[in-house]
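Notes follow once the structure below has been shown.
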Amino acid sequence: MSELFPAGPTFSNNTRKGRYGVAYFQNVCAQFGVGFDPTSPDEDVLAIDGTVQFAELPVRIQIKCTKKRFNSNHQLTWPIDNQWKRKWEQNFGPAYFVVVQVPNDTPERWIGYEGKESTLLHATAYWTRIETANIGSSIAVNRSSRLTSKTLALWNQDLVNSFSTGGAQ
């Protein structure tokens, strides 16, 4: 490489985290067997980062990626902008808030290439259903609400239930 054109990242660490969080979530969707359509960064006008493509209808997802840790109540909280809440109130079906937790602000440590036959993602994710009536200035995810491919089966059932007689449970 020439000194005129140094090699290196073009994303800020915040942009890296945002992209990593979406990519992590896409991997969980792939494991479950459904598509995830991310919202183009310039089109994030609904405070939604993308939609899970269930057979019945898509479900909206907001994803955040952070190094923040759980508090003593086993919750991780995220501040909510009032505009987000107004936009989320327009959802007809269920929508979910996902937090992807990375170990630190060093992107090189988010993926491990130690083994010859495996690659390790050094992250975990947690979720909560977006319930605008219960949201104040922040939204909380519980440590017990770990995001796995089985979570998507729960969300799919929640979607079906929300449009059946009696609404969501």
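What to note about this one:
- From the list Tyr126, Tyr96, the lone residue that is within 12 Å of the chain's Cα centre (by Cα), over 14 Å from Tyr24 (Cα atoms) and among the hydroxyl-bearing types (Ser, Thr, Tyr) is Tyr96.
- Qualifying positions in segment 1-60 - more than 11 Å from the chain's Cα centre (by Cα), modelled with pLDDT of 95 or more and on the phi > 0 side of the Ramachandran plot: Gly33
- Residues that are of a type outside the set (Ser, Thr, Tyr) and either touching an Asp or Glu at 6+ places or on another chain (Cβ under 8 Å) or loosely packed, with under 12 Cβ neighbours inside 10 Å (or both), drawn from segment 119-142: Leu120, Arg129, Ala133, Asn134, Gly136
Each row is one residue, and each column tells you yes or no for (1) buried (at least 17 other Cβ atoms within 10 Å of the Cβ); (2) among the hydroxyl-bearing types (Ser, Thr, Tyr); (3) within 21 Å of Asn91 (Cα to Cα).
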site: Asn13; (1), (2), (3): no, no, no
site: Gly21; (1), (2), (3): yes, no, no
site: Gly35; (1), (2), (3): no, no, yes
site: Thr39; (1), (2), (3): yes, yes, yes
site: Asp42; (1), (2), (3): no, no, yes
site: Asp49; (1), (2), (3): yes, no, yes
site: Val52; (1), (2), (3): yes, no, yes
site: Lys64; (1), (2), (3): yes, no, yes
site: Arg69; (1), (2), (3): no, no, no
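- Single match in Lys116, Lys87 (criterion: surrounded by 17 or more Cβ atoms within 10 Å (Cβ to Cβ) and either within 24 Å of Leu57 (Cα to Cα) or without any contact (Cβ under 8 Å) to a residue 60 or more places away in the chain (or both)): Lys87
The values are calculated or read from the model by the stated rules, or taken from the named source; none is laboratory data. Quantities reported herein were computed from a predicted structural model and do not represent experimental measurements. Note that we place each Cβ from the backbone using ideal geometry, even for glycine, and neighbour counts take in every protein chain shown.
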